[in-house]
1. Please count how many residues of segment 98-133 are surrounded by 13 or more Cβ atoms within 10 Å (Cβ to Cβ), closer than 24 Å to Tyr45 by Cα and either among the acidic types (Asp, Glu) or free of Cβ contacts under 8 Å to residues at least 60 places away in the same chain (or both).
2. Check Glu14, Glu83 and return the single one that is modelled with pLDDT of 95 or more, out of contact with any Pro (no Cβ under 6 Å at 6 or more places or on another chain) and not polar (S, T, N, Q).
3. Can you tell me which residue among Phe46, Phe11 is over 30 Å from Ile94 (Cβ atoms), of a type in the set (Phe, Trp, Tyr) and touching a Gly at 6+ places or on another chain (Cβ under 6 Å)?
4. Which of the residues spanning segment 44-58 are surrounded by fewer than 16 Cβ atoms within 10 Å (Cβ to Cβ) and either over 18 Å from Val120 (Cβ atoms) or in contact (Cβ under 8 Å) with a residue 60 or more places away in the chain (or both)?
5. With respect to Asp71, is the statement that it is free of Cβ contacts under 8 Å to residues at least 60 places away in the same chain and either closer than 22 Å to Leu136 by Cα or surrounded by 18 or more Cβ atoms within 10 Å (Cβ to Cβ) (or both) true?
6. Filter segment 42-62 for residues that are touching a helix residue (DSSP H, G or I) at 6+ places or on another chain (Cβ under 6 Å), farther than 17 Å from Val6 by Cα and among the small types (Gly, Ala, Ser) and give the result.
Amino acid sequence: MAKVKVMRPIFRPEAEDGFVLYPYHIFHLRLFYKRLGMKDRVFDYFAYVDLYRLGAERGDDFIELEEWEVDEKHLMGPLVDYEEAEKKAFESAIIWGNSRVVSWWLPRIEVVRHERAYKVFWLYERDGEKLIMDSLDGKEYSLDAMTGKDGRRCKGPFCR
C-alpha cells in the first residue's frame, strides 16, 4: 500500500469497478519581470505537468488534493523525473508570461509550491462495454478503443 496525493475527483460513475491513478507534477510558480522605465511585473502561474507524456497545461489555481492509501497496482509510473517536469513548467510559464509583458530579460522564477499528484480515472462497465472516466471533466472513453482491442487505432488519454 502507498500513500499518495490525488486531485480531488469532481465526477464519478454511478458504480465503479476500480480506478487508475495517472501521474502529474503540479507547480505554483511566481514570475518576476524587470522592465526598462516601467514598473516591474509579477505573475503567478500554475503548471500541471503530465509525467507520462511530458506535456504542460496552465491552471487557474492549485487544485485541491486528497491523500489516499492505495494498492500500488493502481499507480501508473511516471516516465519523467522532477528536473524534466520543472524544466517543462518553467518553459510553459515563460511562454505564457512573455505573451503578457514586454521585457528585455527572461523572468526570475520562484517555485512557490510543488506536489506530485495523481489524476483519477474511473474504470467501470455499462451495457457490457468497458469504460474509463476522467474524474476532472467527466469525459468517458471506451477501454477497447483506447487499447486498440476493437481493431482501430488507439485514441484516448493513455495513448502515446
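1. So the answer is 3.
2. Numbers: Glu14 fails: modelled with pLDDT of 95 or more.
Among Glu14, Glu83, only Glu83 is modelled with pLDDT of 95 or more, out of contact with any Pro (no Cβ under 6 Å at 6 or more places or on another chain) and not polar (S, T, N, Q).
3. Phe11
4. Correct list: Asp44, Arg53, Leu54, Gly55, Arg58.
5. Numbers: free of Cβ contacts under 8 Å to residues at least 60 places away in the same chain: no; either closer than 22 Å to Leu136 by Cα or surrounded by 18 or more Cβ atoms within 10 Å (Cβ to Cβ) (or both): yes.
Judged against the criteria, Asp71 is not a match.
6. Selection gives Ala56 alone.
Yes/no matrix, rows are residues, columns are (1) of a type in the set (Ser, Thr, Tyr); (2) closer than 21 Å to Leu136 by Cα; (3) in a helix (DSSP H, G or I):
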position: Ala15; (1), (2), (3): no, yes, no
position: Tyr22; (1), (2), (3): yes, yes, no
position: Phe27; (1), (2), (3): no, yes, no
position: Tyr45; (1), (2), (3): yes, yes, no
position: Arg58; (1), (2), (3): no, yes, no
position: Ala93; (1), (2), (3): no, no, yes
position: Arg100; (1), (2), (3): no, no, no
position: Lys119; (1), (2), (3): no, yes, no
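Quick grid of which residues meet (1) of a type in the set (A, V, I, L, M, F, W, C); (2) closer than 15 Å to Ala117 by Cβ:
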residue: Lys34; (1), (2): no, no
residue: Phe46; (1), (2): yes, yes
residue: Arg53; (1), (2): no, no
residue: Glu57; (1), (2): no, yes
residue: Asp61; (1), (2): no, yes
residue: Glu67; (1), (2): no, yes
residue: Glu72; (1), (2): no, no
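The values are calculated or read from the model by the stated rules, or taken from the named source; none is laboratory data. Being a predicted model, the structure only gives us computed values, none of them experimental. When we count neighbours, we look across all protein chains shown, and the Cβ atoms used for this are built from the backbone with ideal geometry, even at glycine.
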